[in-house]
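Report on the following structure.
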Amino acid sequence: MIDKLQMFENRLLKVYKHKSKLARRQNVSCYRVYDHDLPEFPFAIELYEDKVYLAEYLRRHGMEEEEHDEWLESCKDVISKILSVPVDKIYDRQRRRMNHKDKQYEKLNMQQEFFTAEENGLKFLVNLTDYLDTGLFLDHRITRQMVRGESKGKRMLNLFCYTGSFSVYAAAGGASSVTSVDLSKTYLKWAEDNMVINLFKDTGKYQFVHADVKQYLKTLQPDSFDIVVMDPPTFSNSKRMKDFLDIQRDHVELLNDVLAATTKGGIVYFSTNFTRFVLEQEQIKATEIKDITRTTTPFDFEGKLKRWCYKITK
């Protein structure tokens, strides 16, 4: 155990030295430090300014519960030492591989412990206690900046908006209107709060729509939006949906419906976490489809990113 913990400490120190240097250079205060680098330590470790989010991927570790708790506490001591963060500011979670019966964003607690983190001069509410996900997907840092850079004077639509980080970036980029759509009232409220703390309060310009995206898209008029972000779950079977969502099966229909509502020359940013995803390009009614997965991969996810990202022009 001691030898293995020493191995973990050495590895964590090495990656932290490298990534913290890059983070300082890029003025980034929330980033992923470690991602399953050693099989015996199957963690994702993310730094949110002065707090640490520690996600342990579930596996057959062969330890008794008490033994596992002891091991985890020892790991936290190592993390605390290397990252100079007190143990009580390390929030641990257990993650498992998602299957078709899982809820996309599972609620685990009711502590309502929110704090504000900053990214590119914008503020975001983060929660490390109540959900599996924190409220801010760090792997889309570059994509968000791209959207911000292209939003001036544009009507922006954020589908499956989650906590609305893309909406905040679009508003900051000077979008003429921002529409955020999600099936979860919890996440829509969170998205609204994220807009408000960045002082985007104009209800005429910034709208929040509680709807099933598949159904909502059928109601849109042509030329309704200039820029669209769509980052759907791989699979969703919420009781409030008429039909389940399977991104491999449904992406062509979803994208064509989105493109029908987009102006000529409009841009759709589409991403998916489904690792075996295959884009059926020939069936999509677009002028240009560009795979921007690599160009949107931040320094802290290089070689580790399990998502696809496309820039689609009408």
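Across segment 57-91, which residue is surrounded by the most Cβ atoms within 10 Å (Cβ to Cβ) among those that are modelled with pLDDT under 95 and closer than 28 Å to Pro232 by Cβ? So the residue we want is Tyr57. Of the residues Pro233, Pro222, which is surrounded by fewer than 23 Cβ atoms within 10 Å (Cβ to Cβ), in a loop (DSSP other than H, G, I, E, B) and within 15 Å of the chain's Cα centre (by Cα)? Only one candidate passes the filter, namely Pro233. Of all the residues in segment 1-34, those that are part of a helix (DSSP H, G or I) and either among the β-branched types (Val, Ile, Thr) or modelled with pLDDT of 95 or more (or both) number 22. Residues that are touching a Lys or Arg at 6+ places or on another chain (Cβ under 9 Å), assigned to a loop (DSSP other than H, G, I, E, B) and either outside the structural domain of Thr134 (by TED's automatic domain parsing) or buried (at least 24 other Cβ atoms within 10 Å of the Cβ) (or both) within segment 159-176 comprise just one, Ala175.
For first residues located in segment 127-138 and closer than 13 Å to Trp190 by Cα, partners that are outside any loop (DSSP other than H, G, I, E, B) and of a type in the set (S, T, N, Q) and lie 6+ apart or on another chain with Cβ distances below 7 Å form the pairs Thr134/Asn127; Gly135/Asn127; Leu136/Ser165. Among the candidates Leu138, Leu125, Leu188, the residue that is of a type outside the set (D, E, K, R), closer than 21 Å to Leu220 by Cα and in the same structural domain as Gly266 (by TED's automatic domain parsing) is uniquely Leu188.
In contact with a Lys or Arg (Cβ under 9 Å, 6 or more places away or on another chain) and at pLDDT below 95: is that true of Asp102 in this structure? Yes, satisfied.
Among the conditions (1) out of contact with any Cys (no Cβ under 9 Å at 6 or more places or on another chain); (2) buried (at least 20 other Cβ atoms within 10 Å of the Cβ), the only one that Leu47 does not satisfy is (1). In contact with an Asp or Glu (Cβ under 8 Å, 6 or more places away or on another chain), assigned by TED's automatic domain parsing to the domain that holds Ser271, touching a residue at least 12 places away in the same chain (Cβ under 8 Å) and of a type in the set (Val, Ile, Thr), is that true of Ile227? Yes. Applying the condition of being acidic (Asp, Glu) and more than 18 Å from Asp231 (Cβ to Cβ) to segment 278-314 and asking which residue is surrounded by the most Cβ atoms within 10 Å (Cβ to Cβ) yields Asp300. Scanning segment 179-202 for residues that are out of contact with any Phe, Trp or Tyr (no Cβ under 9 Å at 6 or more places or on another chain), polar (S, T, N, Q) and farther than 30 Å from Arg276 by Cβ turns up nothing.
The values are calculated or read from the model by the stated rules, or taken from the named source; none is laboratory data. Just so you know, these numbers come straight off a predicted model, no measurement behind them. With ideal geometry, Cβ positions are generated from the backbone for all residues, glycine too; neighbour counts draw on all protein chains shown.
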